[in-house]
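Where a number appears in this text, it was derived from the coordinates with a stated rule and is not lab data. In this text the structure is predicted, and so the values were computed from the model without any measurement. We place every Cβ from the backbone using ideal geometry, glycine too, and count neighbours over all the protein chains shown.
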Amino acid sequence: MGCSGWRCALRLNERRAVTAGERADLAAAIGRGADLRSYATFDYGEHMSAPGSDVGLVQEMMNFGVIYRLAGDHVAGIQTTRYPADCSLGFGDFPSLSFFLVNDTGQAGVARPFLAPRRTDGALPGAPPPKYRALDQWDTDTDAPSENYTYDFGEYAFWVNERWEQVLAHDADGRPTFGSLAALQDAFRAGCALKVGIADLCADLTPEGELPIAHEVFVEMGPIYNHEDQGFLGGESQPLVRVGPAAPLAYRERNWNFGWVLPRTDGVVHELIINPWTRAFTRTRRRAAIRWFVA
């Protein structure tokens, strides 16, 4: 028994040097709407700071609910629905989400919006494992701490599945630049899954005084609605995490949030965004160039 369509586009060693594949190939696949997973290996005792453990070698595969393609052919993926867990041995003790972020360079990060107020002691929960190297930490005295780091995994591999076909692209005013709305509507009525690539979705999270870099955010759609009489199609995305665009992608002081978007083929994008520090919801509306993929 095998799984169809997955291939390894890039492989890194323990020091995050490329040993197979090319970052340009990975970026090109993501630009075609590909799904993304990362594979890593580690010793459980080292990784979980449990020196007396006899669990041994663990092989991990992570899937990413939202994928960024950034200027310069950089790629990053973020896990959007992960709860802290002990490598499938049980759930963690901290009621939070774990928005793990992985760049194609192997640099990673995690943001933890807590689901209930926590005791803030100036650090993220848990002692760092020996192969973990913290790069920086942010908002550690809040209910939404984050940090960036590297970890010397035994290996890193990035897998892609190019099952998606682009059928429509349009500018921020909904004017088609590729394909047709009719093709997208036909695919929708045939039961196809839909994914969008939204241009420059997170530019507003760029630090003050800096220019945003070009980027595209890919996320799969959930419920979809075709407004036949009004002449547009739209839908609600799966949960996504918005981060100020940078290469490599990294968490900074209050440069991220999360929620849902509702993109439409007329260029309108509704946003329902949660402030991780106040848990307040904000509704906004913008326009964006969008590419639509079906599978």
Margin query: If the elastic network links every pair of Cα atoms under 10 Å, which of Phe281, Phe91, Phe99 fluctuates the most in the Gaussian network model of the chain?
Written below: Phe91
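How high is the relative contact order of the range 164-294? Use alpha-carbon pairs under 8 Å, at least six apart in sequence, and give a whole percent.
Numbers: 291 pairs, mean separation 41.2, N = 131.
Averaging sequence separation for qualifying contacts and normalising by length gives 31 percent for the range 164-294.
Short version: what are the Cα gyration tensor semi-axes of the range 176-231, square root of 5 times each eigenvalue, largest first, in whole Å? Before the final figure, lay out the partial values.
On the way: eigenvalues 185, 30, 23 Å².
Semi-axis lengths for the range 176-231 are 30, 12, 11 Å.
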Note to self: Can you compute the equivalent ellipsoid semi-axes for the range 164-294, i.e. the square root of 5 times each eigenvalue of the Cα gyration tensor, sorted largest first and rounded to whole Å?
What the structure shows: 27, 16, 13
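If packing is taken as the average number of other Cβ atoms within 10 Å across a peptide's residues, how do 195-203, 52-60 rank, most packed first?
Numbers: 195-203: 21.4, 52-60: 10.7.
Answer by packing, highest mean first, reads 195-203, 52-60.
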Check: Which three lengths, in whole Å and largest first, does the range 6-159 cover when its Cα atoms are put on their principal axes?
Finding: 44, 34, 25
Check: Given Cα pairs under 8 Å that are at least 6 residues apart, what percent is the relative contact order of the chain?
Finding: 20
Check: To the nearest 0.05, what FRET efficiency results for Ala134 and Asp186 with a Förster distance of 51 Å applied to their C-beta separation?
Finding: 0.55
Checklist line | Within a Gaussian network of the chain (alpha carbon springs, distance under 10 Å), most fluctuating of Glu228, Glu236, Glu220 | finding: Glu228
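Any chance you could run the full-extension gain for Phe91 through Glu155? It's 0.36 nm times the residue separation minus the Cα-Cα distance, nm to one decimal.
Numbers: separation 64, 0.36 × 64 = 23.04 nm, distance 2.50 nm.
Extra length available between Phe91 and Glu155 comes to 20.5 nm.
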Notebook entry, point to check: Of the listed peptides 209-218, 67-76, 37-46, what is their order by residue-averaged count of other C-beta atoms within 10 Å, with the highest listed first?
Noted result: 67-76, 37-46, 209-218
Next item on the list: Provide the per-residue ³J(HN,Hα) series for the range 68-84, in order, calculated from phi with Karplus coefficients 6.51, -1.76, 1.60 and θ = phi - 60°, each as a whole number of Hz, with x at glycine and proline positions.
Entry: 10, 10, 10, 3, x, 6, 9, 10, 8, x, 10, 7, 10, 10, 7, 9, x
Next item on the list: Please report how far the C-alpha centroid of the range 214-255 lies from that of the range 1-78, rounded to the nearest whole angstrom.
Entry: 22
Next item on the list: Determine, for each peptide in 132-139, 83-90, 259-266, the mean count of other beta carbons within 10 angstrom over its residues, then list the peptides with the highest first.
Entry: 259-266, 132-139, 83-90
Next item on the list: Whole number please: convex hull volume per residue, Cα atoms of the chain, in Å³.
Entry: 147
Item checked: For the chain, built as a Gaussian network whose Cα springs stay under 10 Å, the top-fluctuating residue of Ala17, Ala157, Ala27 -> Ala17
Item checked: Rounded FRET efficiency, nearest 0.05, which uses the C-beta distance separating Val18 from Arg285 and R0 of 25 Å -> 0.05
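At 0.36 nm per residue, and after removing the present C-alpha to C-alpha distance, how many nm does the segment from Asp25 to Asp173 gain when stretched out fully?
Details: separation 148, 0.36 × 148 = 53.28 nm, distance 3.09 nm.
That works out to 50.2 nm of additional length.
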Next item on the list: Per residue of the range 233-247, in order, report the coupling 6.51 cos²θ - 1.76 cosθ + 1.60 (Karplus, θ = phi - 60°) as ³J(HN,Hα) in whole Hz, putting x for Gly and Pro.
Entry: 10, x, x, 9, 6, 5, x, 9, 10, 9, 10, x, x, 7, 10
